[in-house]
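First, the structure itself, so that you have it in front of you.
The values are calculated or read from the model by the stated rules, or taken from the named source; none is laboratory data. Every value quoted in this text rests on a predicted model; they were computed, and no experiment measured them. Neighbour counts are summed over all protein chains in view; Cβ atoms, including those assigned to glycine, are modelled from backbone coordinates with ideal geometry. All accessible areas refer to the heavy atoms of the entire protein, side chains included, with ligands and DNA or RNA removed. Shrake-Rupley method; radii C 1.70, N 1.55, O 1.52, S 1.80 Å.
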Amino acid sequence: MPRVWDVPVHDSTRVRDARVAAEHAAAAAGLNEQRTATAALVATELATNLLKHAGGGQVLIDVVAPAVLAAGREANLLVQVATVDHGPGIADVSAALSDGFTTSDSLGAGLGTCARLSDDFDLHSVPGRGTVVVARIGPALGVTARDRGPAARVRAGGVNVPFGGAEYSGDAWAWARSGDRVTLMLADGLGHGPEASRASTAAVEALRGAAHLPPVEALRRLDTALSGTRGAAVAVAQVDTGAAVLRFAGVGNVGARLCEGGTWRHLVSRPGIVGTHRPGTLREEETTWAHDRVLVLHSDGLPSRWAPTEDTCRTAVDPAVMAAVTVRDASSPARPVRDDTAVAVLTSTSPDGP
Ligand SMILES: [Mn+2]
């Protein structure tokens, strides 16, 4: 079962914890010494920034697939370092990203260096609301494939926040590509802790062999793969980039929202539990996919009253950034989270993007 790390950084001793977590994640991703050092540096710098500029925040570290999947080969794994804060925000983002930009007492590498050393780097900052930064560090800069087929214009990313800072999350998200089809899945293993993680991990593993199937068929495969586990709520969304079609099917309580032309709507799942109580009939919803669409899948760790904003319906920002912004804006001290929380976002690459 893959580990996830949620490191609250409210004093300088936790900066080291963020660095150590990045090193563990780098080992899990199979990174070499140099790229492990890069992941550690980025985690250290971003964690230090939380203390210096935002009065503290949260560092989420995870091992993920690339935001854009190459055709016909196993995806590299990357270390994803995401930071979330409720600080004052960055007044001038491009200045903060420029090389040599340091704040008064900084001995750190700076955001510009982090961006240059990372495979992907993006941030979202709103004055008064806070900043979200996402960096991904893979095996070697530049190996992430950039083939130009239509499927390479779809990208996905997400965050996974374990309940109570646990080592494992019962939620998991993954995505896979088969030719022109890209399939995003989010699984919420029943309950939380290692047994829930075992169920959602089984779903992730089964997805790899099911990426060529339509969502309903993939869910049937997953149902078989999850027998013997506690079971999971699972949603599967597939973009057929050749046909410009989105197909969706879900079983159990995984939220799915689609933004079309600036308007959000729900995609509806069937009641049930994949692996233990599969509904007799599965319905597949089909709709047009276009470059401006944004799809969000989320576990019920997100409060049900969560409503996406217009600001969330954006394709210009890294999907993992939008996922982290969603988690931040949906939770509050008044509504504490009582379960693992995963959010995954599927969008198109921006025209001038990667
Ligand atoms: Mn759960």
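Filter segment 233-283 for residues that are among the β-branched types (Val, Ile, Thr), more than 20 Å from Thr201 (Cβ to Cβ) and either free of Cβ contacts under 8 Å to residues at least 12 places away in the same chain or open to solvent by less than 40 Å² (accessible area, probe 1.4 Å) (or both) and give the result.
Of everything in segment 233-283, those that are among the β-branched types (Val, Ile, Thr), more than 20 Å from Thr201 (Cβ to Cβ) and either free of Cβ contacts under 8 Å to residues at least 12 places away in the same chain or open to solvent by less than 40 Å² (accessible area, probe 1.4 Å) (or both) turn out to be Val239, Thr241, Val245, Thr263, Thr281.
For segment 77-89, how many residues meet the condition of being open to solvent by 50 Å² or more (accessible area, probe 1.4 Å) and under 18 Å from the mean Cα position of the chain (by Cα)?
Looking only at segment 77-89, we keep the residues that are open to solvent by 50 Å² or more (accessible area, probe 1.4 Å), and these are 77, 86, 88.
From what's left, under 18 Å from the mean Cα position of the chain (by Cα): 77.
Number satisfying all stated conditions: 1.
Ok, one more. For Arg314, state whether it is open to solvent by 30 Å² or more (accessible area, probe 1.4 Å), part of a strand (DSSP E or B) and away from the ligand (no atom under 16 Å from the Cβ).
Against the criterion (open to solvent by 30 Å² or more (accessible area, probe 1.4 Å), part of a strand (DSSP E or B) and away from the ligand (no atom under 16 Å from the Cβ)), Arg314 does not qualify.
Please pick out the residue among Ala203, Ala196 that is more than 18 Å from the chain's Cα centre (by Cα), within 15 Å of the ligand (Cβ to nearest atom) and open to solvent by less than 10 Å² (accessible area, probe 1.4 Å). Break it down stepwise before answering.
Details: Ala203 fails: more than 18 Å from the chain's Cα centre (by Cα).
The unique qualifying residue is Ala196.
Within segment 1-19, can you find the residues that are out of contact with any strand residue (DSSP E or B) (no Cβ under 7 Å at 6 or more places or on another chain) and loosely packed, with under 15 Cβ neighbours inside 10 Å?
If the condition is that a residue be out of contact with any strand residue (DSSP E or B) (no Cβ under 7 Å at 6 or more places or on another chain) and loosely packed, with under 15 Cβ neighbours inside 10 Å, then His10, Asp11, Ser12, Thr13, Arg16 are the ones that fit.
Return only the number of the condition from (1) within 16 Å of Asp300 (Cβ to Cβ); (2) away from the ligand (no atom under 16 Å from the Cβ) that Gly191 does not satisfy.
With (1) within 16 Å of Asp300 (Cβ to Cβ); (2) away from the ligand (no atom under 16 Å from the Cβ) applied to Gly191, the lone miss is (2).
Go through segment 175-208 residue by residue and tally those that are closer than 18 Å to Arg247 by Cα and of a type outside the set (D, E, K, R).
11
Can we say Ala210 is open to solvent by less than 30 Å² (accessible area, probe 1.4 Å), farther than 29 Å from Pro303 by Cβ and out of contact with any Phe, Trp or Tyr (no Cβ under 7 Å at 6 or more places or on another chain)? Don't jump to the end; show me each part of the working.
Working: open to solvent by less than 30 Å² (accessible area, probe 1.4 Å): yes; farther than 29 Å from Pro303 by Cβ: yes; out of contact with any Phe, Trp or Tyr (no Cβ under 7 Å at 6 or more places or on another chain): yes.
Considered against the rule, which asks whether it is open to solvent by less than 30 Å² (accessible area, probe 1.4 Å), farther than 29 Å from Pro303 by Cβ and out of contact with any Phe, Trp or Tyr (no Cβ under 7 Å at 6 or more places or on another chain), Ala210 comes out as yes.
Then there is this: For segment 293-310, give me the residue count where each residue is away from the ligand (no atom under 16 Å from the Cβ) and open to solvent by 60 Å² or more (accessible area, probe 1.4 Å).
The total comes to 4.
Let's see how each residue does on (1) out of contact with any Lys or Arg (no Cβ under 6 Å at 6 or more places or on another chain); (2) of a type in the set (A, V, I, L, M, F, W, C); (3) modelled with pLDDT under 95:
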residue: Pro215; (1), (2), (3): no, no, no
residue: Gln238; (1), (2), (3): no, no, no
residue: Gly252; (1), (2), (3): yes, no, no
residue: Val274; (1), (2), (3): yes, yes, no
residue: Arg278; (1), (2), (3): yes, no, yes
residue: Glu286; (1), (2), (3): no, no, no
residue: Ala290; (1), (2), (3): yes, yes, yes
residue: Ser304; (1), (2), (3): yes, no, yes
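I need the full set of residues from segment 47-76 which are in a loop (DSSP other than H, G, I, E, B) and open to solvent by 30 Å² or more (accessible area, probe 1.4 Å), in order please.
Gly55, Ala71, Gly72, Arg73, Glu74, Ala75, Asn76 - these are the residues of segment 47-76 that are in a loop (DSSP other than H, G, I, E, B) and open to solvent by 30 Å² or more (accessible area, probe 1.4 Å).
On the given criteria, is Asp340 among the acidic types (Asp, Glu), crowded, with 24+ Cβ neighbours inside 10 Å and not assigned by TED's automatic domain parsing to the domain that holds Val64?
On the way: among the acidic types (Asp, Glu): yes; crowded, with 24+ Cβ neighbours inside 10 Å: yes; not assigned by TED's automatic domain parsing to the domain that holds Val64: yes.
For Asp340, the condition - among the acidic types (Asp, Glu), crowded, with 24+ Cβ neighbours inside 10 Å and not assigned by TED's automatic domain parsing to the domain that holds Val64 - is met.
In the list Arg221, Arg230, Arg208, which residue meets the criterion of being without any contact (Cβ under 8 Å) to a residue 60 or more places away in the chain and within 12 Å of the ligand (Cβ to nearest atom)?
Only one candidate passes the filter, namely Arg230.
Same structure again: Spot the failing condition for Arg328; the list is (1) basic (Lys, Arg); (2) away from the ligand (no atom under 16 Å from the Cβ); (3) open to solvent by 40 Å² or more (accessible area, probe 1.4 Å), and only one is missed.
With respect to (1) basic (Lys, Arg); (2) away from the ligand (no atom under 16 Å from the Cβ); (3) open to solvent by 40 Å² or more (accessible area, probe 1.4 Å), Arg328 is out only on (3).
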